[in-house]
Amino acid sequence: MSKSRRFVAQITQPFDFSLHVPASKSIALRQLAISTLCSKPSTLRGFTHNDDVDAMTNALSALNVHITTDKSGIVKINPTNLDLTSDIEVDLQMSGVSLRTVCAIAGLRSGSTTIVGNPSLAARPNDDLLAALTDLGCKVESKDGKLPIRIQGPITAEEVSLRTDVSSQFLSALLLIAPYLPHGLTVHLIGELPSKSYVQLTLDELRKRGVGAPNLAKSIHIPPTNYEHGTFDLEGDASAMTYHAALATIHASKVEILNLSRSSNQGDMQFLGLCSDLGADVSFTEQSVTIQGPEQLQALDTVDMNDFPDSATTLMAIAPFLPKSIRINGLETLPRKECDRIACPAQELVKAGIDVEYGSNYMKINPGSPKRSSFSTYDDHRMAMSFAVLATKTEGCWIEDPDCVGKTYPQFWSDVNRAYT
């Protein structure tokens, strides 16, 4: 059965609107995991449902963690009956962060945990994390490092070496469970670490919960600590912000994000620096950020996005409208996302008549006028949202399988519609 598609019309007038973006998925998933390993209940405020977060909460519920949410965005997590002994199976749908985090939590359990998921999640590699869990004393079975995965703990060792060049999520997963272990955990990093900002974010979330987490280094020791319980606020999602920042930048318009501020440590906040480089005026208050797009876009020759790769497809989508070609480097991790986020965006840009050159870790995009197209999204939420931004500066384009945005941003289409009113 063919999937639906959505027509995204051209934006013809400047716009000015304010909005709350969804709660940060990265922070929400980390805080759910931390709350699971607390000895007492915790409350998260500003919570937003999406497919990834729901996959995580369902998995934690299977561990007998009691989770309740209300319409005001308050979620309560009661871990006092956490099940560490039963044999269970959890389905993590398409959530890569949840997969890696639950693998680590499974290492704490004497019962077996079988993990399954969507075919696109089943294609993502986990070898290095599973090797580390094996070295830590777990019994691990998998399909060449991929789903389905079966893990039985408990972890018995106190230190481990971890290859980190494939994904930073492996390291974040181990750091999240480290305080729960009797002697803590020392992790020795082998190889380059991509997306360092996401590991920094993990360390920041540990510190919020009373853990004496060190700075990022080649060896990291997390001491045994009882996570602090309490009530915690979730800030907005910086990845979601990038689509609205990009819209404002290419349309000489104004957008205010009401639940993000300069103090945010999310890696995708660096996208605002790119908007500024392209000529936008970016200003902050204590609670918000405002992007005012320029009358004329500036050129940007080269950018390295190794530290904020989730923003890469957003930049790819607005690159054709820049006055000169741009080379985007630091894309090593993108081929192993929900889709190949180098080859797939390149194919869609070429479909629209844009000249593109790319390799295993870069893309060069030449300026042009994208023609009306029907863009494939490859079951990837970021493809859909990024190419929707591109479509607004064409004669209009179709986005195939538009509902895939539900993975992280279910209200994306209604929020984008604010630019037309």
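The values are calculated or read from the model by the stated rules, or taken from the named source; none is laboratory data. Quick caveat: nothing in here was measured; it's all calculated off a predicted structure. All Cβ positions, even for glycine, are placed from backbone atoms using ideal geometry, and neighbour counts span all protein chains on display.
Could you please let me know if Ala173 is crowded, with 22+ Cβ neighbours inside 10 Å, within 22 Å of Asp16 (Cβ to Cβ) and touching a residue at least 12 places away in the same chain (Cβ under 8 Å)?
no
Within region 236-255, identify whether any single residue is more than 25 Å from Thr302 (Cβ to Cβ), in contact with a His (Cβ under 6 Å, 6 or more places away or on another chain), touching a residue at least 40 places away in the same chain (Cβ under 8 Å) and buried (at least 24 other Cβ atoms within 10 Å of the Cβ), and answer yes or no.
Looking for residues that are more than 25 Å from Thr302 (Cβ to Cβ), in contact with a His (Cβ under 6 Å, 6 or more places away or on another chain), touching a residue at least 40 places away in the same chain (Cβ under 8 Å) and buried (at least 24 other Cβ atoms within 10 Å of the Cβ), one finds at least one in region 236-255, hence yes.
Looking at region 338-421, what strands (runs of 3 or more DSSP E) fall wholly within it and have at least 1 residues that are without any contact (Cβ under 8 Å) to a residue 40 or more places away in the chain and charged (D, E, K, R)?
Details: elements: 356-358, 363-365, 397-400.
Filter on region 338-421 gives 356-358, 363-365.
Quick check on this structure: which one of Ser72, Ser95, Ser112, Ser86 is modelled with pLDDT under 95, assigned by TED's automatic domain parsing to the domain that holds Ala157 and small (Gly, Ala, Ser)? Don't jump to the end; show me each part of the working.
On the way: Ser95 fails: modelled with pLDDT under 95; Ser112 fails: modelled with pLDDT under 95; Ser86 fails: modelled with pLDDT under 95.
Going through Ser72, Ser95, Ser112, Ser86 in turn, just one is modelled with pLDDT under 95, assigned by TED's automatic domain parsing to the domain that holds Ala157 and small (Gly, Ala, Ser): Ser72.
Quick one: count up the residues across region 312-334 that are closer than 21 Å to Thr394 by Cβ and in a helix (DSSP H, G or I). Give the derivation first.
Applying the first criterion (closer than 21 Å to Thr394 by Cβ) to region 312-334 yields 312-326, 328.
Checking which are in a helix (DSSP H, G or I) leaves us with 312-321.
The number of residues fulfilling the criteria is 10.
Would you mind telling me which numbered condition in (1) on the phi > 0 side of the Ramachandran plot; (2) in the same structural domain as Trp413 (by TED's automatic domain parsing) Ser195 fails?
For Ser195, the failing item is (2).
For region 207-232, enumerate the residues that are within 23 Å of Arg45 (Cβ to Cβ), touching a residue at least 40 places away in the same chain (Cβ under 8 Å) and buried (at least 21 other Cβ atoms within 10 Å of the Cβ).
Passing the criteria: Arg209, Tyr227.
Check Leu189, Leu162, Leu176 and return the single one that is within 21 Å of the chain's Cα centre (by Cα) and either in the same structural domain as Arg109 (by TED's automatic domain parsing) or assigned to a loop (DSSP other than H, G, I, E, B) (or both).
One residue alone meets the criteria, Leu176.
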